[in-house]
1. Return the distance in nm (one decimal) between the two label points of a simple spin-label model at Glu50 and Tyr156, each offset 7 Å from Cα along Cα→Cβ.
2. Which residues' amide hydrogens lie under 5 Å from the amide hydrogen of Ala88, considering only partners 5 or more residues apart or on another chain, with H built in the peptide plane?
3. Roll a 1.4 angstrom probe over the protein heavy atoms and tell me the percent of accessible area of the range 7-248 that is carbon or sulfur.
4. Compute the orientation-averaged projected area for the range 7-248 from the convex hull of its Cα atoms and round it to one decimal in nm².
5. Any idea what the relative contact order of the range 1-111 is, in percent, if you count C-alpha pairs under 8 Å spaced at least 6 apart?
6. Express in Å², to the nearest 10, the accessible area of Asp187 obtained by rolling a 1.4 Å probe over the protein heavy atoms while all chains stay in place.
7. In µm²/s, what is D for the range 157-235 at 25 °C and 0.890 mPa s, where D = kT/(6 pi eta Rh) by Stokes-Einstein and Rh is the Kirkwood radius from Cα pairs?
8. Could you work out the relative contact order of the range 84-184, using alpha carbon pairs under 8 angstrom and six or more residues apart, expressed as a whole percent?
Amino acid sequence: MALTGRIALVTGGAQGIGRAISEALLREGAKVALVDSNPEVARECRGRLEEAFGVGSSLFFECDVTDWAKLQEVFRKTVKHFGHLDIAINNAGINNEKDWQKTINVNLTSLIKGTYLALEHMSRENGKDGGVIINVSSMAAFMHSPHMPVYTATKYGVLGFTKAMAEASAVGNFGVRINVLCPAYVDTPLLQTIDEEDKMGRYFKYKEELRQSMHTYGILDPSLIADGMMMIIKDGSLNGAVMKITASKGIHFQNDEPMSA
Ligand SMILES: NC(=O)C1=CN([C@@H]2O[C@H](COP(=O)(O)OP(=O)(O)OC[C@H]3O[C@@H](n4cnc5c(N)ncnc54)[C@H](O)[C@@H]3O)[C@@H](O)[C@H]2O)C=CC1
Ligand SMILES: CCCCC/C=C\C=C\C(=O)C/C=C\C/C=C\CCCC(=O)O
């Protein structure tokens, strides 16, 4: 997929991984709608992106992805403004083991809603031209960390939902490729939550173990995650792909064993 003139929507786009992919897309000539709930980081991000890529290239929406009506409006306004939608990246995510229901709501429920909204605007079923969706999971979907059980559960959920949806898209001829990305630790403000008792709850006491785990497995640069996303966006053969990105193996794919009866 050539990216000039393509239209992308990125949730959690103003910081960390979301910002890195937004910048990569803009560099290659795409136009990007950035959706973020944090007005401060969004303001800073907006200034930088408009300076670097021009005022018309990006759109900013202050929106909490858990607000269903607002999220619907954001997709509608993006399509109205740019004319259509080609790429949706459901990236917004949090770590909050204390308010764990919020973690499920942001990381899983809202990602499912984001996927359905993206399909509404891209699927051939709705008379649209197709596109690509990337859902952001984590290596936590493969690692069973005892210090982040609900976060881990949401990332397992994202993995399973996305694989099932990819097959639904193939079977239903939606014309939309749906893939999942599973990074290991990435150098973003999310990692700092291990020092926040109100986010870690009963697992706060394990923060040194988590720090040690980061040391053991390494911490990736967000630009590498953006590189992986760009590979998925550009490779038209990928649907249902599970891309892992780790310090030890770099960008690689998970291959499931075929099920036997
Ligand atoms: N940083 C890491 O080590 C890893 C992160 N991930 C996943 O990557 C995704 C992005 O994470 P990071 O960039 O690291 O986090 P981050 O905390 O640096 O950035 C997340 C962005 O999402 C926004 N956001 C959070 N809740 C939101 C909501 N309810 N509605 C709208 N926007 C919201 C934040 O304001 C922020 O701008 C998450 O899904 C995370 O679980 C996956 C593997 C590793
Ligand atoms: C509740 C505690 C959270 C603390 C850290 C915050 C965010 C973590 C984000 C992740 O998604 C990272 C998850 C897992 C990575 C773990 C190991 C990767 C090892 C991969 C390898 O090299 O084999």
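1. Once both label points are built, they end up 4.5 nm from each other.
2. Leu9, Val132, Ile133, Ile134
3. Details: 5320 of 10650 Å².
C and S atoms contribute 50 percent here.
4. Taking the Cα atoms of the range 7-248, their convex hull projects to 12.1 nm² on average.
5. Numbers: 179 pairs, mean separation 32.9, N = 111.
With pairs under 8 Å counted, the relative contact order is 30 percent.
6. Spelled out: Asp187, probe radius 1.4 Å, area about 100 Å².
7. It comes out at roughly 162 µm²/s.
8. Relative CO of the range 84-184 lands at 33 percent.
The values are calculated or read from the model by the stated rules, or taken from the named source; none is laboratory data. All figures in this text were calculated on a predicted structure; none of them were measured in a lab. As a convention, Cβ positions derive from the backbone with ideal geometry for all residues, glycine included, and neighbour counts pool all protein chains shown. The protein model used for the area step is the full one, side chains on, heavy atoms only, and it has no ligands, DNA or RNA in it. Shrake-Rupley method; radii C 1.70, N 1.55, O 1.52, S 1.80 Å.
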